[in-house]
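J.: Supplied in structure tokens, the structure appears directly below.
The values are calculated or read from the model by the stated rules, or taken from the named source; none is laboratory data. Note that the coordinates shown come from a computational prediction; the quantities given were computed from them, not determined experimentally. Using ideal geometry, Cβ is built from the backbone for each residue, glycine included, and neighbour counts are taken over all protein chains shown. Just the protein is used for accessible areas: all its heavy atoms, side chains included, with ligands, DNA and RNA removed. Shrake-Rupley method; radii C 1.70, N 1.55, O 1.52, S 1.80 Å.
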Amino acid sequence: MQTNAAYDHSALLAALHAAQRRAANSYFDQHILEDRDGGFISIDEGDYAALPQPLIDRIVHTIRRSLVDEM
């Protein structure tokens, strides 16, 4: 998952927990991205029309959405 030997494990866990909470009530996948400072952030795929390649390149983990809008 992480190729950099020095990373902020607590930031990874915080981003992971935030993404898990949002995914439980979302129609969109949640992504954990490595930021430029070695930390991590979570984003909601629904915030973007299509994820730009620079964001895709920084994804280290994805949590699938829980809600499905198909009838």
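J.: Suppose a student asked you for the relative contact order of the chain, using Cα pairs under 8 Å spaced at least 6 residues apart; what percent would you report?
T.: 37
J.: State, in angstrom, two size descriptors of the chain derived from its alpha carbons: Rg to one decimal place and Dmax to the nearest whole number.
T.: When restricted to the Cα atoms of the chain, Rg and Dmax are 12.6, 46 Å.
J.: Extension gain residue 62-residue 47, at 0.36 nm per residue separation less the Cα-Cα distance, in nm?
T.: 3.9 nm
J.: With all protein chains present, calculate the accessible area of residue 67 using a 1.4 Å probe and round the result to the nearest 10 Å².
T.: Counting only protein heavy atoms, residue 67 exposes about 60 Å² to solvent.
J.: Then there is this: Specify the angular offset, from 0 to 90 degrees and rounded to the nearest 10, of the alpha carbon long axis of helix 9-23 from the longest principal axis of the alpha carbons in the chain.
T.: Value to nearest ten degrees: 0.
J.: How big is the dipole moment of the range 6-63 about its Cα centre under a simple scheme where the beta carbon of each Lys and Arg is +1, that of each Asp and Glu is -1, and everything else is neutral? Debye, nearest 20, please.
T.: Dipole size: approximately 140 debye.
J.: Just flag the GluC sites (Glu not before Pro) in the range 8-71 sitting in loop per DSSP whose Cβ has no more than 13 other Cβ atoms within 10 Å.
T.: 70
J.: Go through 68, 60 and list them by solvent-accessible area, largest first, probe radius 1.4 Å.
T.: 68, 60
J.: Sort 61, 31, 9 from largest to smallest accessible area, using a 1.4 Å probe on the heavy atoms of the protein chains.
T.: 9, 61, 31
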